[in-house]
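S.K.: Please find one structure pasted underneath; my questions will follow.
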Amino acid sequence: MKILQLNPAFYPAFSYGGVVNVSYNLSKVLAQRGHDITVFTSDSIDKRTRQKDLYVEHEGIKIHYFRNVSNLLAGHRYPLYPGLIRALKNHIQDFDIVHLHGTRNFQNIVAAHYANKYGIPYIVQPHGSLPRIVEKKGLKQLYDLVWGNDILQHASKIVAVSGNEAERFREFGIPDEKIAVIPNGVSDISPASLPPPGQFRKQHDIHEKHVILY
């Protein structure tokens, strides 16, 4: 299957958090399973650094980086890379499915438009970003009224990482038949690579019976 992954930031831009890590590892494993994986993303690595090469093949993934209008804005979660428009217009029909990471961003507006225009199915994985909470509630509501609700309405599936997130989707009006619960993956760990029992407690001088890790 030819799969297009879209994320405003991608490998090696791990400074942007867990979503980059999740989408990168998902793409890597899909490539290992024989799928043809292409990524469209911005050139931002962090607030001060840009990706130099605009095309890279890494671990079976074909990565296209598009220049941001402002790397500083991208660093504040406002990536705008106009080159994506032409790329999607000309090439979205080359793919069997499109996977959108995140919700309220520039890429989803463009990708959903051309996916709908050419009949290419797409899925949206919000990674916890769908509820209008914490900050910028007014901007989030405006985005949803203009673009967001329509993007979700035409998506083939909306991916939740947990039952709790799926419940938030239902509160947002997303029907059950559109919701797929797929937890984040965990890399294979060989038992032989694990440290001996008790090493962590000894190293950190922990004597309590129960330990909560996060």
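S.K.: Quickly estimate the mean residue ellipticity at 222 nm for the chain, helices only: each DSSP H run with n ≥ 4 gives -39500 (n - 2.57), and the total goes over all residues, rounded to 500. Could the numbers behind the result be given before it?
M.R.: On the way: 8 runs with 69 residues, N = 214.
When only DSSP H runs of four or more count, the value is -9000 deg cm²/dmol.
S.K.: Gain in length, residue 201 to residue 182, computed as 0.36 nm per residue apart minus the alpha-carbon separation, to one decimal in nm?
M.R.: Working: separation 19, 0.36 × 19 = 6.84 nm, distance 3.25 nm.
Answer, rounded to one decimal: 3.6 nm.
S.K.: When only DSSP loop residues count, what trypsin sites (Lys or Arg not before Pro) in the range 1-36 have their Cβ near at most 12 other Cβ atoms within 10 Å? Please list the in-between numbers first.
M.R.: Working: sites: 2, 28, 33; in loops: 33.
Sparse-neighbourhood loop trypsin sites (Lys or Arg not before Pro): 33.
S.K.: Across the Cα atoms of the range 119-194, what radius of gyration and what greatest pairwise Cα-Cα distance (Dmax) are found, in Å?
M.R.: Both quantities, over Cα of the range 119-194: 15.5, 53 Å.
S.K.: Expressed in nm to one decimal, what extension gain is obtained for the pair residue 117 and residue 141 from 0.36 nm per residue of sequence separation less their Cα-Cα distance?
M.R.: Details: separation 24, 0.36 × 24 = 8.64 nm, distance 2.48 nm.
Extending this stretch completely gives an extra 6.2 nm.
S.K.: Starting at the first residue of the range 116-133, write each ³J(HN,Hα) from the Karplus equation 6.51 cos²θ - 1.76 cosθ + 1.60 with θ = phi - 60°, in whole Hz, x for Gly and Pro.
M.R.: 5, 4, 9, x, 9, x, 9, 10, 10, 10, x, 6, x, 9, 6, x, 8, 10
S.K.: Related question: Calculate the length of the line joining the C-alpha centroid of the range 69-121 to that of the range 153-214, in whole Å.
M.R.: 28 Å
S.K.: Count charges around residue 79 for me, please; just the other residues with Cβ under 13 Å from its Cβ, Lys/Arg as +1, Asp/Glu as -1. Each step should come with its number before you reach the end.
M.R.: Numbers: positive: 47, 50, 67, 77, 104; negative: 43, 46.
Result for the local shell: +3.
S.K.: When DSSP beta bridges are limited to those with both residues in the chain, what percentage is antiparallel, rounded to the nearest 5? Please report the intermediate quantities before stating the final value.
M.R.: Numbers: 5 of 29 bridges.
Bridges in the chain that DSSP calls antiparallel: roughly 15 percent.
S.K.: Tell me, what is the Rg over Rh of the chain, with Rh the Kirkwood radius over Cα pairs? Write out the running numbers ahead of the final one.
M.R.: Values: Rg = 19.1 Å, Rh = 18.8 Å.
A ratio of 1.01.
S.K.: Probe radius 1.4 Å, ligands and nucleic acids ignored: give me the carbon and sulfur share of the accessible area of the chain as a rounded percent.
M.R.: Details: 7160 of 12740 Å².
Its accessible area is 56 percent carbon and sulfur atoms.
S.K.: Something else about it: Can you give me the angle between helix 18-32 and the longest principal axis of the chain, using Cα atoms only, in degrees from 0 to 90, rounded to the nearest 10?
M.R.: 80 degrees
S.K.: Ranked from highest to lowest mean number of other Cβ atoms within 10 Å per residue, what is the order of the peptides 201-211, 93-103? Walk me through the numbers before you get to the answer.
M.R.: Numbers: 201-211: 7.8, 93-103: 19.7.
Answer by packing, highest mean first, reads 93-103, 201-211.
S.K.: Which of the trypsin sites (Lys or Arg not before Pro) across the range 82-145 are loop residues per DSSP, with 16 or fewer other Cβ within 10 Å? All intermediate terms of the calculation are to be shown ahead of the outcome.
M.R.: On the way: sites: 86, 89, 104, 117, 132, 136, 137, 140; in loops: 104, 132, 136.
In loop regions of the range 82-145 (DSSP not H, G, I, E or B), the sparsely surrounded trypsin sites (Lys or Arg not before Pro) are 136.
S.K.: Assuming R0 = 30 Å, can you tell me the calculated FRET efficiency for the pair residue 77 and residue 57, based on Cβ-Cβ distance, to the nearest 0.05?
M.R.: Numbers: r = 28 Å, r/R0 = 0.92.
With R0 = 30 Å, the Cβ-Cβ based efficiency is 0.60.
S.K.: Suppose the chain between residue 70 and residue 49 were pulled fully straight at 0.36 nm per residue; how much longer would it get relative to their current alpha carbon spacing?
M.R.: Full extension of this stretch gives 6.4 nm more.
S.K.: Check each of the GluC sites (Glu not before Pro) in the range 43-145 and keep only those in coil by DSSP with at most 10 other C-beta atoms within 10 angstrom; list them in order. Write down the numbers at each step before the final one.
M.R.: On the way: sites: 57, 59, 135; in loops: 59, 135.
When the GluC sites (Glu not before Pro) of the range 43-145 are filtered for loop state and at most 10 Cβ neighbours within 10 Å, 135 remain.
The values are calculated or read from the model by the stated rules, or taken from the named source; none is laboratory data. Please read all numbers here as calculations on a predicted model, not as lab measurements. Because the Cβ atoms are built from the backbone with ideal geometry, glycine has one as well, and the counts that use them run over all protein chains shown. In case anyone asks, the SASA skips ligands and DNA or RNA and just uses the protein heavy atoms, side chains included. Shrake-Rupley method; radii C 1.70, N 1.55, O 1.52, S 1.80 Å.
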